[in-house]
Each structure stands twice: as C-alpha cells, then as structure tokens.
1. Of everything in the range 187-207, what is open to solvent by less than 60 Å² (accessible area, probe 1.4 Å), under 26 Å from residue 95 (Cβ atoms) and part of a helix (DSSP H, G or I)? Give them in sequence order.
2. Collect the residues in the range 59-99 that are polar (S, T, N, Q) and surrounded by fewer than 16 Cβ atoms within 10 Å (Cβ to Cβ), keeping them in residue-number order.
3. Looking at the range 169-187, is at least one residue closer than 20 Å to residue 114 by Cβ and free of Cβ contacts under 8 Å to residues at least 40 places away in the same chain?
4. Name every residue in the range 100-112 that is more than 11 Å from the chain's Cα centre (by Cα), buried (at least 24 other Cβ atoms within 10 Å of the Cβ) and of a type outside the set (Gly, Ala, Ser), in order of residue number.
5. If you go through the range 160-207 one residue at a time, how many are within 14 Å of residue 1 (Cβ to Cβ) and of a type outside the set (A, V, I, L, M, F, W, C)?
6. If you go through the range 55-64 one residue at a time, do you hit one that is assigned to a loop (DSSP other than H, G, I, E, B) and in contact with an Asp or Glu (Cβ under 6 Å, 6 or more places away or on another chain)?
7. Of the residues 44, 38, which is in contact with a His (Cβ under 9 Å, 6 or more places away or on another chain), over 28 Å from residue 161 (Cα atoms), open to solvent by 60 Å² or more (accessible area, probe 1.4 Å) and at pLDDT 95 or above?
8. Suppose we keep only residues that are among the aliphatic types (A, V, I, L, M) and in contact with a Ser or Thr (Cβ under 6 Å, 6 or more places away or on another chain) within the range 132-186. Which one would you say is most open to solvent (accessible area, probe 1.4 Å)?
Amino acid sequence: HVAGIAAGAGSTYVGVAPEADLYVAKVLHGDGSGYMSEVMAGLEWAVQRRVRVVNLSLGGVGPCDGTDALSAACDAAVDRGVMVCAAAGNYGPTASSVGPPGCARKVLTVGACSNQDAIARFSARGPTSDGRVKPDVLLPGVDVVACRAQGTSLGTPVDALYTRASGTSMATPHAAGVAAILLQVLPGLTPFQVKERLMSTARDLGS
C-alpha cells in the first residue's frame, strides 16, 4: 500500500511518482513489530545502494528528542545525501507524541491531513521533548486508496487489487513521491533543499 502511494503505476490508481524505481527492504516482522537495529540495517542497505529517497512508514512511541540510535542513523543518512521521509506516528491528538525516527532533526517528518486540509485527529503532534516543531509537513493520510497485497486485509478493501487505509504511514509516501519528482527535475538538490522546498510551499494551517 505504501509503495503504491509513492510509485504505483496502475491504470486505475496512480502513485505520486509512477516512474520511480522501488528498492524495498523488509525491516519489520509480519505483525508489524521489530527492532530499531533491523530498521537501521535496512537504512544502511539503502544508503549503500545510493538510494536517493527513503520512506519510513514506521516508528516508536514519543516523546523523544532525536538522540536515540534510529533517529541518529537517519540524520547520518541525510548527511550522506539521502532524503529521509519519516512518519510522525498515529498517537495524536496528544501533544509531544511524535516518536522515533520522526523526532530526528534532519529528516522530513510527515503528519497526516484529511481531504479537507485539516490535521487528522490521529496524527501525532509536537513539540519534541527538546522543544522543536514537528511534524514538518502534513500530506494526505485519511482514506487513501492504493494497491493491496493479495490475500491481505489492511484497511477497507475496495476490490481485489486496492484498499483504503488511513495513517501517517499513508501520508509519508506522498512526501517521498514528491521528493522523487523534485530530484528527477533537479538532481543536484540536497536533502536539506528538498525539505525546505516542501515546507516553504506548504499552506500554513495555523496549528
């Protein structure tokens, strides 16, 4: 579902960047649980393959200050030229509910908005425990339709090929797809410049 949002090339529902190449690293178990070390290993795998954009539709419970091992690894990947998009998490509307790696300093932390451009109730809020504003941007994360794996029951199935689901995990690949398009047009942009463009062109909801 997340991969389809970022780069799906179907005839009915098309992802944000349908011409992008996908590199997929399995870093969590089948039930969605896992260890930070496994996520860090997948991140390093992507960096070694010179992937330009990494999507992390996963995370832990906040609050955090960005000094945990996973957040530090994400910041290190950014320093090596990788655009990292991380989900804010679904522990809203509680304040200071953004968890790792969404609290990392250099990643683009993505919260979820509705089709009415309002922050989704479940979308995690800042600030981080060291007082920084997070998430950095909101993108659609409510009732998003994208492809589903055969035999799975995520969300509300639309038909045999697609399902509808909500979460900051759905918002984050929207950002990853936009980042991929920006880097296709302007390959010389740094992750900082991509992040700045996404944030500076967003509408301020005053929240």
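1. Within the range 187-207, 195, 198 meet the criteria.
2. Result: 67, 94.
3. No, the range 169-187 contains no residue that is closer than 20 Å to residue 114 by Cβ and free of Cβ contacts under 8 Å to residues at least 40 places away in the same chain.
4. 100, 103
5. Within the range 160-207, residues that are within 14 Å of residue 1 (Cβ to Cβ) and of a type outside the set (A, V, I, L, M, F, W, C) number 11.
6. No, the conditions are met nowhere in the range 55-64.
7. 38
8. 154
The values are calculated or read from the model by the stated rules, or taken from the named source; none is laboratory data. All figures in this text were calculated on a predicted structure; none of them were measured in a lab. Methodologically, a virtual Cβ is constructed for each residue, glycine included, from the backbone with ideal geometry; neighbour enumeration extends over all protein chains shown. To get the accessible areas, we keep the full protein, side chains included, count just its heavy atoms, and leave off ligands, DNA and RNA. Shrake-Rupley method; radii C 1.70, N 1.55, O 1.52, S 1.80 Å.
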